[in-house]
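Visitor: Below are the structure tokens for one structure; questions will follow.
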Amino acid sequence: MEPLGRLRLGVNIDHVATVRNARGSAYPDPVRAAKLAEEHGADGITAHLREDRRHISDDDIARLAEELTVPLNFEMAATDEMQAIALRHKPHAVCIVPEKREERTTEGGLEVARDENRLAHFIAPLADAGCRVSIFIAADRPQIEAAARIGAAVVELHTGAYCDFHAEGRFDERDAELARLRDMATLAHELGLEVHAGHGLTYDTVQPVAALPEVMELNIGHYLIGEAIFLGLGPAITEMRRLMDEARA
Ligand code: PXP
């Protein structure tokens, strides 16, 4: 199957804010990083306002909503507080993620199948306000079917397990997870959902995911911000873009 279209790169700038917050300073500024990312070909900017505000702040979101020229993808937990913030700023997209206070990062996908009614009611006002609602889930059939039933426009498939298996040298399990991602991307597309993917992607792991024809957007953060230390943020993004385009061709 031919790719469904050009693959977009969403750059997640959360960990610029992590560095800033480590010292309680005003720098480095994630909004400055977002603008630099725009200049270097980011198709969108992703930022996750966590309940504990450990990286991105309310003010960062307000400034991103105000100042970006590319779409803002606002990652948030399904809480009343976050819904109110999203409705205030009306970002291009909202991505609903699970959130546990004690986790270091978003560890798993959202449990949609067991929380279908509540989530359907939760996302309806966001969709009515014009936000594209994306649901971050594992590559799991019941979750994808539930995401379609609640009226989500997009599913973002969690690539964390695939990347972890790769990093640990567990290549059979990595390949099995990639096959699941492939099958579930196909299923999601057949159900009318736009398919995105992300979490943990690196230069070593991005290409097989970028090659999945139904995947329309990758959201990548932690690795790019790390590479920016060595290459600079612009060149780090340019290299990711090059690898994505190579895989897509
Ligand atoms: N997509 C979603 C839904 C996420 O929660 C995250 C992490 O915030 C990412 C993509 C980016 O993951 P990473 O920072 O590991 O590239």
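Visitor: Could you check the stretch 134-151 and list, in sequence order, the residues that are open to solvent by less than 10 Å² (accessible area, probe 1.4 Å) and more than 9 Å from the ligand (Cβ to nearest atom)?
Guide: 135, 137, 139, 144, 146, 147
Visitor: Within the stretch 91-113, take every residue that is among the small types (Gly, Ala, Ser) and within 13 Å of the ligand (Cβ to nearest atom) and give me the one that is least open to solvent (accessible area, probe 1.4 Å).
Guide: 93
Visitor: Could you go through the stretch 8-15 and let me know if any residue there is in a strand (DSSP E or B) and either away from the ligand (no atom under 16 Å from the Cβ) or among the basic types (Lys, Arg) (or both).
Guide: Kept after step one, since they are in a strand (DSSP E or B), are these residues of the stretch 8-15: 8-12.
Next cut, either away from the ligand (no atom under 16 Å from the Cβ) or among the basic types (Lys, Arg) (or both) only: 8.
Within the stretch 8-15, one or more residues are in a strand (DSSP E or B) and either away from the ligand (no atom under 16 Å from the Cβ) or among the basic types (Lys, Arg) (or both).
Visitor: Also, I was wondering about something else. Find the residue count for the stretch 230-240, including only residues that are away from the ligand (no atom under 15 Å from the Cβ) and either part of a helix (DSSP H, G or I) or in contact with a strand residue (DSSP E or B) (Cβ under 8 Å, 6 or more places away or on another chain) (or both).
Guide: So the count comes out to 5.
Visitor: To continue, here is another question. Look through the stretch 81-98, keep the residues that are of a type in the set (D, E, K, R) and touching a helix residue (DSSP H, G or I) at 6+ places or on another chain (Cβ under 9 Å), and return whichever of them is nearest to residue 163 (Cα to Cα).
Guide: Of the residues in the stretch 81-98, the ones of a type in the set (D, E, K, R) are 81, 88, 90.
Still in the running and touching a helix residue (DSSP H, G or I) at 6+ places or on another chain (Cβ under 9 Å): 88, 90.
Numbers: 88: 35, 90: 32 Å.
Out of the qualifying residues, it is 90.
Visitor: Take residue 203 and decide whether it is touching a residue at least 24 places away in the same chain (Cβ under 8 Å), within 14 Å of the ligand (Cβ to nearest atom) and farther than 16 Å from residue 7 by Cα.
Guide: no
Visitor: crowded, with 21+ Cβ neighbours inside 10 Å and of a type in the set (Gly, Ala, Ser), is that true of residue 197?
Guide: In short, yes.
Visitor: Mind checking which helices (runs of 4 or more DSSP H) fall wholly inside the stretch 91-186 and carry at least 2 residues that are in contact with a strand residue (DSSP E or B) (Cβ under 8 Å, 6 or more places away or on another chain) and touching a residue at least 12 places away in the same chain (Cβ under 8 Å)?
Guide: Here the list reads 116-128, 141-149.
Visitor: Quick check on my filter: what residues within the stretch 208-227 are more than 16 Å from residue 47 (Cβ to Cβ) and part of a helix (DSSP H, G or I)?
Guide: Within the stretch 208-227, 208, 209, 210, 223, 226, 227 meet the criteria.
Visitor: Quick one: which of 32, 88, 54 is open to solvent by 30 Å² or more (accessible area, probe 1.4 Å), within 16 Å of the ligand (Cβ to nearest atom) and not in a strand (DSSP E or B)? Working first, answer last.
Guide: Values: 32 fails: within 16 Å of the ligand (Cβ to nearest atom); 88 fails: within 16 Å of the ligand (Cβ to nearest atom).
Exactly one of 32, 88, 54 is open to solvent by 30 Å² or more (accessible area, probe 1.4 Å), within 16 Å of the ligand (Cβ to nearest atom) and not in a strand (DSSP E or B), namely 54.
Visitor: Return yes when residue 121 is within 19 Å of the chain's Cα centre (by Cα), more than 12 Å from the ligand (Cβ to nearest atom) and open to solvent by 50 Å² or more (accessible area, probe 1.4 Å) and no when it is not.
Guide: Numbers: within 19 Å of the chain's Cα centre (by Cα): no; more than 12 Å from the ligand (Cβ to nearest atom): yes; open to solvent by 50 Å² or more (accessible area, probe 1.4 Å): yes.
Here the answer is no, as residue 121 does not meet what is asked.
The values are calculated or read from the model by the stated rules, or taken from the named source; none is laboratory data. What you see is a predicted model, and the numbers here were worked out from it, not measured in a lab. When we count neighbours, we look across all protein chains shown, and the Cβ atoms used for this are built from the backbone with ideal geometry, even at glycine. Please note that ligands, DNA and RNA were not included when accessible areas were found on the heavy atoms of the full protein model with its side chains. Shrake-Rupley method; radii C 1.70, N 1.55, O 1.52, S 1.80 Å.
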